[in-house]
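Just so you know, all these numbers are worked out from the coordinates, no wet-lab data involved. Note that this is a predicted model, so its numbers are computed, not measured. Reconstructed Cβ throughout: ideal geometry from the backbone, glycine too, with neighbour counts over all protein chains shown.
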Amino acid sequence: MPEQTSRTGFFTHDERHRIGFPWSKSFDFAVQNLRNRFTRSLITMSSLILAVAFLAFILVNLNIATGLVQFGGTEFASILSEMGFDVDTALGTVTTGPKERWIVLLSLLVCTVGIINAQLMSVTERFRIIGIFKCLGALDSIILRLFLIEAAIIGVIGAAIGAAAGIAFAFINGLFNFGVAALILVSLFDVFISFLLATATGFALSIIGVLYPAILAARMEPVKALNAQH
Amino acid sequence: MEEKQIIVRVEGVKKTFKMGKQHVHALRGVNLEIYTGEYLSIMGSSGSGKTTLFNMIGGLDKPTEGKVFIDEVDISQLDAYELAWLRNRKIGYIFQTFNIIPTLTALENVTLPMTFAGMHHEAATEKGLELLDLVGLGTRHQHKPLELSGGQQQRVAIARALANDPAIILADEPTGNLDQRTGEEAIELLRTLCRERGVTIITATHDYKMLNVSDRVVWVKDGRVEKVEKRDELSISLGTIGEKER
């Protein structure tokens, strides 16, 4: 332990002298960063919004279809089958066709890559600031926390906007294809669950996207971060 | 002279960088002792290894070989937390490119290290204003770095370096991006801090203006310490150096 070898009490530290960064400050700083880099944040957010909107659209379409099959009668079932849904009239359940499932999976995958890319850029752009932070005594965990808070804010806002947009679009689409019945028969509770599911997915994508670059940045030697070219 | 206490000891430090397949020897074995409260200048042309040495002393980079002791503690033995603590409380850094955070105001820049150190907001603000007053920027604390001149930005950086009352201030080319007059002001400020607060000041520089205020000068060439001169020895050779500069 360094305390034993130190002669002048250079390294003696007690509880009062801990390194830290209060949560409220971290939050303020993250919000300020987002505001200062507003367009940049929008770009990061836009790929997230698109991915979540698409997911929400598919989910709510399914909700509408389920509502139609359960309460609407058999004529809807045949229309839905024609449109590519897997309809089970006996159980009253509807699932998407395998093709559609593939498209959802692929598009989410592509969006994840897009989000990671955007987050990677937003971290590498700030290597220098990370270097300064480290020179001033910031711990790795403080830097990691700042980026995670930022990603969480982007994640929640972006995912909520995306999910809302996707649901709105699904309703318009349902209205267009099946008339007012689509909106009357759909279970709002199911739609709400879909909204939560899509938002949570988007939030998770945002966090996953920032995790790798943020860990990379937090572990950097200060000199490397300060002199990093971007 | 009273007994001098060693605050920084550099022992056989070597640093090799890999540039593709080539190995560049930035430092080839440096031994150096720095005393508490002195004003030490590390002089050398660019590429001599002085910035590398500076980074080693400040714990910003790790030597390939050899050891750096700060107050008899080998800093390579410190864990991440202790290293952060060292950077936060014991060492203040000043850079050629100022390195203040552009999105924060002058005051926020100065209080940031205090926040890391766990100081309360009000106390930090009060001390931050005090420090900005000290460097002559008391009235401009709400300005963002881009609204300040180079000399003023460097003064913000000096105030920030002082935030947690460090024992050592490391200044890498502090006057490199400043003109003659503001450079002199910055040097004068550092000198005053050294005298009045007993802060050990270590600068890496090739600015000959620094020589007048330094207690000792370490000349670095090709990754080695060429010679160490005290100020009284310096004044003799200084004339000729000044001549060459002009």
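How far, in degrees from 0 to 90, does helix B:106-116 lean away from the longest principal axis of the Cα atoms of chain B, to the nearest 10?
Here the helix axis deviates by roughly 70 degrees.
Relative to the longest principal Cα axis of chain A, at what angle does helix A:38-72 sit, 0 to 90 degrees, rounded to 10?
30 degrees
Just to confirm a number: summing +1 for Lys and Arg and -1 for Asp and Glu over residues other than A:ASP140 whose beta-carbon lies under 12 angstrom from that of A:ASP140, what do you get? Walk me through the numbers before you get to the answer.
Working: positive: A:LYS134, A:ARG145, A:ARG219; negative: A:GLU221, B:ASP79.
Computed value for this residue: +1.
Strictly over 28 Å apart at the Cα level, which of A:LYS25/B:LYS144; B:LYS21/B:LYS209; A:LYS25/B:LYS18; A:LYS134/B:LYS230 would you flag in this model?
Going by Cα-Cα distance, B:LYS21/B:LYS209; A:LYS25/B:LYS18; A:LYS134/B:LYS230 fall outside the 28 Å limit.
Given only helices, namely DSSP H runs of n ≥ 4 each adding -39500 (n - 2.57), what is the per-residue ellipticity at 222 nm of chain B, to the nearest 500 deg cm²/dmol?
On the way: 7 runs with 84 residues, N = 246.
Result for chain B, helices only: -10500 deg cm²/dmol.
Measure nothing but the geometry: give the 0 to 90° angle between the long axis through the Cα atoms of A:98-124 and the longest principal axis through the Cα atoms of chain A, rounded to 10°.
20 degrees
Among A:GLY174, B:LEU211, B:TYR81, whose Cα projects farthest towards the positive end of the dipole of the protein assembly as shown, with charges put on the beta-carbon of Lys, Arg (+1) and Asp, Glu (-1)?
B:LEU211
How much net charge surrounds A:ASP28 when only the other residues with a Cβ under 11 Å from the Cβ of A:ASP28 are counted, with Lys and Arg +1 and Asp and Glu -1? All intermediate terms of the calculation are to be shown ahead of the outcome.
Working: positive: A:LYS25, A:ARG35; negative: B:GLU108.
Computed value for this residue: +1.
What is the mean number of Cβ atoms from other protein chains located within 10 Å of the Cβ atom of each residue in peptide A:215-222, rounded to a whole number?
Numbers: counts 0, 0, 0, 0, 1, 0, 5, 9.
Other-chain Cβ atoms within 10 Å of each residue's Cβ, averaged: 2.
Gap in Å between the Cα centre of region A:131-204 and the Cα centre of region B:111-156?
Comparing the Cα centres of region B:111-156 and region A:131-204, I get a distance of 39 Å.
Anyone know which of A:ILE49, A:ILE130, A:ILE19 comes out most mobile in the 10 Å Cα GNM of chain A?
Largest GNM mean-square fluctuation: A:ILE19.
Name the long-range amide H neighbours of B:ALA171: under 5 Å, sequence gap of 5 or more, or other chain; modelled H, no Pro or chain starts.
Answer set, sorted by chain and number: B:ILE94, B:ILE202, B:THR203, B:ALA204.
Note the full-extension length gain between A:ALA152 and A:SER81 as 0.36 nm times their separation in residues minus their Cα-Cα distance, in nm to one decimal.
Numbers: separation 71, 0.36 × 71 = 25.56 nm, distance 3.94 nm.
Length difference between fully extended and current span is 21.6 nm.
Assign unit charges at the C-beta atoms only (+1 for Lys and Arg, -1 for Asp and Glu), then state the dipole size of the protein assembly as shown relative to its Cα centre in Debye, rounded to the nearest 20. Display every interim value, and only then the final one.
Details: 46 positive and 49 negative charges, 185 e Å.
Dipole of the protein assembly as shown, to the nearest 20 debye: 880 debye.
Over the alpha-carbon set of region B:1-147, work out the extent along each principal axis and list the three values in angstrom, largest first.
48, 44, 32
For B:LYS227, give me every one of the aspartates and glutamates with a C-alpha distance below 19 angstrom, ignoring sequence neighbours fewer than eight places off in its own chain.
B:GLU11, B:GLU33, B:GLU38, B:ASP207, B:ASP215
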